[in-house]
1. When you scan the range 224-310 for helices (runs of 4 or more DSSP H) that lie fully inside it, which ones turn up with 3 or more residues that are farther than 27 Å from K166 by Cβ?
2. Among I101, I132, I122, which is among the hydrophobic types (A, V, I, L, M, F, W, C) and either at pLDDT below 80 or in the same structural domain as E207 (by TED's automatic domain parsing) (or both)?
3. For the list (1) over 16 Å from A229 (Cα atoms); (2) open to solvent by 40 Å² or more (accessible area, probe 1.4 Å); (3) over 20 Å from the mean Cα position of the chain (by Cα), I need the number of the one condition that N316 fails.
4. Does any residue in the range 170-191 that is closer than 23 Å to N256 by Cα come within less than 9 Å, Cβ to Cβ, of a residue that is of a type in the set (S, T, Y) and open to solvent by 10 Å² or more (accessible area, probe 1.4 Å) six or more places away or on a different chain, and which pairs are these?
5. Does M236 satisfy the criteria of being surrounded by fewer than 20 Cβ atoms within 10 Å (Cβ to Cβ), within 23 Å of the chain's Cα centre (by Cα) and aliphatic (A, V, I, L, M)?
6. Could you count how many residues in the range 151-191 are assigned to a strand (DSSP E or B) and buried (at least 18 other Cβ atoms within 10 Å of the Cβ)?
Amino acid sequence: MTTEIGDAEDKYRNKIRDTDDLDVDWMDLYDFARNKPVRKRIKIKKNPEISYGVDSEDEGYQDENILFGIKKHEIISEMNKWKLNFTKPGRKKGSKMEFLISDYGSQENQEKTLASMLERQIANKEKFHIDIKEQDVKYDIVIDKPLPDRSAYFIIMRDVSGSMDKISKFAYSVALRITLWLQHLYRENVTRVYIVHSIDAMEVSEEEMFGINGRETPIESGGTAFLNAYNTVNSMLKGTQYKSSIGVSRHINSENEDVYLLHITDGENEDPNKPVIDVIKSILPELTRFMYLEIGSGGGAANSFMSSLSAVKEPNVKMVAASDNESTDNIRDTITKLLND
């Protein structure tokens, strides 16, 4: 009579033996190399065996500054030490059925079991082979999990005008770290939305937002104007059409979801400030928080948009002026000021 663990071993051994059934695919991962955001194309095999490696023949993804190895977990670990205090009132009520992994249950989760085995072998510096121990076996259980404070939209709106060239590395470091942190902390519960703007504005995908050189966006870099950018956010909230490279116009229902908006810019706005402020005032009641990050001017320049925005006295508005110093300390201080309550 075979044991349940024995059955699982045979199951995995048979899958590994027939390697022709394992599909090879590619995954784009975002990382930092020498404090510079980069995109890495990683070759993967679907479970139960996963292999990682950079294809040296794919010249389109080569960059001499890319360091082998994903630093995402290092960045998350570093940010956890910052003790970010980011809470949400949670407008969405209700719950969802969620699978959790437990030491006891009725149905084995094959992928989690294999992952546990791999983690143990890596920790013990063992050679990879099918050797499932009792401690590796994981099960699925289902619970009705309430979600009082995690469902939200987080919109990152970035200025890509020509004047941003000198500070683009700092702007990208802030945006990418926030993205990685949100992904780690909230996973699919927080929908990340990206808008880029110069004179025009457009919603873009995460891949377009974080291109290798930080400037691979589908709009011209030209001058700087804010009105189209904030009108794009307004259209998302109203459910009306706007420019989008992802092929659809989304409708964000602020009655059911918390909505966060972060605008990253150098503060130069060629539109008259009053119409822009009027649009901001119209959308503020639908935003859980509006965060405005102005880089370089210190918020005190006569032509700085922050000087006009400071007249908007609402509790859900947070304005942060930052230098373009690319040090970890400056990045930490900036993100902490933006996200902390």
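1. Working: elements: 227-238, 273-283, 305-309.
Output list reads 227-238, 273-283.
2. Working: I132 fails: either at pLDDT below 80 or in the same structural domain as E207 (by TED's automatic domain parsing) (or both); I122 fails: either at pLDDT below 80 or in the same structural domain as E207 (by TED's automatic domain parsing) (or both).
Checking each option against the conditions leaves just I101.
3. Looking at each condition in turn, N316 falls short on (2).
4. That search, which allows pairs on different chains as well, returns T179/Y30; Y186/S151; N189/S151; V190/S151; V190/Y153; T191/S151; T191/Y153.
5. Working: surrounded by fewer than 20 Cβ atoms within 10 Å (Cβ to Cβ): no; within 23 Å of the chain's Cα centre (by Cα): yes; aliphatic (A, V, I, L, M): yes.
So M236 does not fit the description; no.
6. Residues of the range 151-191 assigned to a strand (DSSP E or B): 152-159, 190-191.
If we keep only those that are buried (at least 18 other Cβ atoms within 10 Å of the Cβ) too, we end up with 152-159, 190.
Number satisfying all stated conditions: 9.
The values are calculated or read from the model by the stated rules, or taken from the named source; none is laboratory data. Bear in mind the structure is a predicted one, so any value in this text is a computation, not a measurement. We place every Cβ from the backbone using ideal geometry, glycine too, and count neighbours over all the protein chains shown. Each accessible area value is taken on the protein alone, full model and side chains, heavy atoms only, with ligands, DNA and RNA left out. Shrake-Rupley method; radii C 1.70, N 1.55, O 1.52, S 1.80 Å.
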